[in-house]
Each structure stands twice: as structure tokens, then as C-alpha cells.
Amino acid sequence: MSFASKAKLANNLFGFAPWRVFNGELKMTDSQNLLAEYVQSGSDTAFRELVARYVDLVYSTALRLVEGDTHRAEDVAQTVFVDLARMARTFSSDVMLGGWLHRHTCFVAANTIRGERRRQSRERQAVEMNALQDNSGASFSLVTPILDEAINELEEADRTAILLRFFEQHDFRTIGRALGSNEDAARMRVNRALEKLESSLKRRGVTTSAAALAIALLANAVQAAPAGLAATISATALVGTTIATTTTATATQAIAMTTIQKTLIVAALATAAGTGSYEARRISHLRDQVQVLQQKQAPLAERINEMRHQQEGAMKRLAAAHEENKRLQRDETELHRLRGQVAQWQGDSRELARLKAATPALEATLRTWAARAVQLKQRFERTPDKGIPELRFVTQQDLLNAAENQLDSETDCRQAMSALRDAAEQKFADMALKALQQYAQTNNGQFPTDLSQLQPYFESPIEDAILQRWEILPGDKVGKLAWDHKWVIIQKAPVDEEYDGRWVIGLKGWRGTHDVLRWTSAAK
């Protein structure tokens, strides 16, 4: 059967399509399945399962909104599920039940405790509270009066992500399926929603962080409802639905009241029913049903407590298994690290042996290399006209690099001296480029008209003798070396016309010619 045929069949059976499509397959979420079953057949079992799944969420939300009054929170929870039983057939096909229950709980609780004094008290507490920096119950209790109000102000997608993660306590993979995305997208959605919730709370005077808020919500957002409350709510809501379809909406509201109020309403109905024996018998029958359900509540509550203890034991065993798994992973990681270290030591040992064998030849090479470096230095001392003031920037390594080749002939010496001058001029080019760019940044992109204007921008003062070897020229006078610069800095003249290169410095970088063309990363 095609997807369209399945969707059409579902529409005919249930009056709405409680399905979502993931990866091209037709799937129904558990809650939507139960809701559809209740809408179709009025199944008491399906409705009780829905109450059992969401009673903690509804009760916890109500408890926060009624400022910790447990009796009033139970009344609010009971009213919410009575409304769910009554309004389920009006829901759209893509309703998120957790989101609807949270919003409706806020609505019912707001109607339950209206009053300017309470509202002003909550606002004063919000302004005076400390930052929510931990996940303790005491800190969380300060934010509870405004938490649900802030959640309801979020956009629907963000509100749904918060409720699925922290109130229904689903993992990111399940949230991703529910939102029609994947695990990573769900994680990002929840993080963005936490940031928006953080901003909303800050506007109310609560200083916190998204991370601290997530920890606090995970630890405190949902509290266990009183034992037996789910069974009582299920019975009351289902009976209330029956009354709503046979008597009036007033009777439905009476079922959602407290025990004393129920007794008074039943007595009033019995008195009013004196004019008709049929109505009196129905009321008596319904009262008996309530009593029977209340008698069944005690064993159900005991069974629920037993199952909760079993769940707690299973969670402890699971946590212990996780810790053991982490320990094994740490041991395995340490073993790999030690193996890698042993391999490195073995490699170092082989390299040490190779170097030891090559040491005599290497020492001879180094001595020869150092001798050529001394020879090159002496050559500069004998011919000071071949030196440049930029040579003060060169290092011992630059001198060794320049003396790498033989210095047997005059040509060898000229080339080595040119290489050392080239290294010195390149170092100055690096310093001049930084100074030039800082000057342009300070002076609205302008190019200096005199090199002395760059002095304040060098990291350390530059000798005038160095600056006098360079000049500022229009780019069109330099030719291709200027690439697309209007103005450049260039040497006035090379020391050795045959072997020396030319260096050109612009705002984008520097380049030079000496056997090959060189570019800085800024000029590429």
C-alpha cells in the first residue's frame, strides 16, 4: 500500500493522521498512538497510560506555578487531564502532547491563583534572587515562579525542544525523530533554545548561563507526582467525560474539584435529582464507581512504588556499568599511550645509534662549514664597501646559510656575500611592511611621503643609515615588481649589480628578485 493510501486510511479511521514520516517510512509515536486509540474507541487503558506518562510533567509544572502548594497542584493536574479527556477529539494531527499539556497547565494554574499580591511577590523575588550558578534544589526553587512563563514565550519549535529534552526527558536521537531531523540538529536546537530561555530569564532579573540552566532543568524540572495521583486522575477524568456527555458541563467541573467539593456537589445533585428517579440512580451509580476506584488506588500506588524502586535499582546498576566501562576505556587508552611511547623510544634509540655512527663525518662537515662562515665574515671586514647597515639584523644561522657552498673563487665569495645581504634586506622588508601597514591604518590608508614618518611604527628604532638606502617611488616607475601598488618602498641601488636582488615593499606585502621571484603571503 502506498504512503498516500495509508494516510488516507488513517484519516478515515481516526478523523486525523497521527503519523510522522521519517526517512520515507510511515511511523507513529507512542503518545500519538495512545491518543488516537482513545479518540477512536474511548479506551480507558490508553487514557490511563497517557496520564501515567505525563502526570509528573503536569504535576511538576503546576507545583511551580502554585508556589509549592501540593494540594492545589493536584487539583490543577486533575483539571488539566479532565480537559484532555474532553478536548482530545479537537486536536490537530501534528499536536505535540507534552507541549499542549505544559501550556494548558500554565493556563489552569494562572486561573487558579489570580491576584495582584501574588504576582507582585513573584516579580520581587525574581529581581532579588541570586544568579542560578548551580543545579541545587534551593537555587532552582527561586526561578520556578517565572520559569514556565519564560518557556511559554519561546517559539513553538524551541518550546517543544525544551519540553522534550528536560520535561519528557528524551535523548537527542528521539528528539531529532520527533522534530523530523537528526541527533546533531536536535542537540543544536536544544542549545539554541536554552540560550533564548537564558535571555528571557535575564530580562526578568535572573542571571544564569545556558549550561547551568540545563543542569538545573535536568535535575529539578520534573518531580514525581504523589503516589496514586495518576490512578485518581485517570478515574476522575474518565468519569468526568462520561458525565459531560450525559448531563452537563457543570458536572464535569465538579468531578475535577477537591474531595470535600465533590461530596457537596454530589449531595446537591442528589437533592436536585429528587424530581427524577432516573438521574438519582445515575448519580448514585457514578458515586459507587468513584468509591470502587478509590479502593483500588492503594494497591496500585503500592505497585507503582515497587516499580519505582526497581527502576532506581536498575539505574544504579546502569550507572555502575557506565563507570566500569569508562575505567576500561581509560585503561585501554593508557595502554595505547604506553605502546606509542615504547615505539618512540625504540625509534629514538635507532636514530641515536645512526647519529653516533655518523658523528665523525658530521663533525668534520660542521667544522668546514664554520670555517667558511668565518672566512665570509672576514671578507666583509676587509671590504666594508660591500657591507650594508641592514647586516646587523642577520643571525648566526643566516651567516652559516650564506657560507653553505665553497668559497674557493671570487665568484663564490661575491655570491655568498650577496646571499647574506639578501637575508638582511629581507628582514628589514618584514619590519618595514609591519610599520607601513600600521601607518596606513592610523592615517586612513595613506602612504607616507617620507621614510622618516615610519620611525614611530617600528618595534625598535631604525638607523637613519638604513632608511637612507631606501626610497619611496610611484609604482609605475618600478614596473612589474610593483604589481598593483600606486606607491612602493625600494632600495635606491644594489651593492653588487650582477648578483644582488631588488626588494619592493607595498601595503599588501613585499617581493624581490634574486635568482627567483619571492612573494609574501600578504601579496599572494
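The values are calculated or read from the model by the stated rules, or taken from the named source; none is laboratory data. This structure is a prediction, so every number in the text was calculated from the model and none was measured. Methodologically, a virtual Cβ is constructed for each residue, glycine included, from the backbone with ideal geometry; neighbour enumeration extends over all protein chains shown.
Exactly one of (1) modelled with pLDDT of 90 or more; (2) over 30 Å from Gln468 (Cβ atoms) is unmet by Asn401. Its number?
For Asn401, the exception is condition (2).
Of Gln441, Gln426, Gln491, which residue is farther than 26 Å from Leu399 by Cβ and surrounded by 11 or more Cβ atoms within 10 Å (Cβ to Cβ)?
From the options Gln441, Gln426, Gln491, the qualifying one is Gln441.
I'm trying to understand the selection: among the residues of region 173-207, which are within 19 Å of Gln32 (Cα to Cα) and of a type in the set (A, V, I, L, M, F, W, C)?
Within region 173-207, Ile175, Ala178, Leu179 meet the criteria.
Could you list all residues from region 448-482 that are out of contact with any Lys or Arg (no Cβ under 7 Å at 6 or more places or on another chain), in a loop (DSSP other than H, G, I, E, B) and either surrounded by fewer than 19 Cβ atoms within 10 Å (Cβ to Cβ) or among the basic types (Lys, Arg) (or both)?
Scanning region 448-482 gives Pro448, Thr449, Asp450, Phe458, Glu459, Ser460, Pro461, Glu463, Gln468.
For every residue, the table says whether it meets (1) over 52 Å from the mean Cα position of the chain (by Cα); (2) closer than 23 Å to Glu497 by Cβ; (3) hydrophobic (A, V, I, L, M, F, W, C).
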position	(1), (2), (3)
Asp412	yes, yes, no
Gln415	yes, yes, no
Asp422	no, yes, no
Gln426	no, yes, no
Leu433	no, no, yes
Gly445	no, no, no
Gln453	no, no, no
Leu467	yes, yes, yes
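Suppose the filter is under 25 Å from Gly228 (Cα atoms) and under 29 Å from the mean Cα position of the chain (by Cα); does Leu97 pass it?
Judged against the criteria, Leu97 is a match.
Is it fair to say Arg392 is at pLDDT 85 or above, in a helix (DSSP H, G or I), within 60 Å of the chain's Cα centre (by Cα) and surrounded by fewer than 11 Cβ atoms within 10 Å (Cβ to Cβ)?
Spelling it out, it is not the case that Arg392 is at pLDDT 85 or above, in a helix (DSSP H, G or I), within 60 Å of the chain's Cα centre (by Cα) and surrounded by fewer than 11 Cβ atoms within 10 Å (Cβ to Cβ).
I'd like to know if region 330-346 contains one or more residues that are of a type in the set (S, T, N, Q) and not in a helix (DSSP H, G or I).
No, region 330-346 contains no residue that is of a type in the set (S, T, N, Q) and not in a helix (DSSP H, G or I).
Give me the pairs, please: first residue somewhere in region 451-462 and without any contact (Cβ under 8 Å) to a residue 24 or more places away in the chain, second residue anywhere and among the polar types (S, T, N, Q) and part of a helix (DSSP H, G or I), beta-carbon distance under 7 Å, and either six or more positions apart or on two chains.
So the pair list comes out as Tyr457/Gln438; Pro461/Gln455.
Would you mind stating whether Ile466 is at pLDDT 90 or above, touching a Pro at 6+ places or on another chain (Cβ under 7 Å) and within 24 Å of Ser452 (Cα to Cα)?
When the stated conditions are applied, Ile466 passes them.
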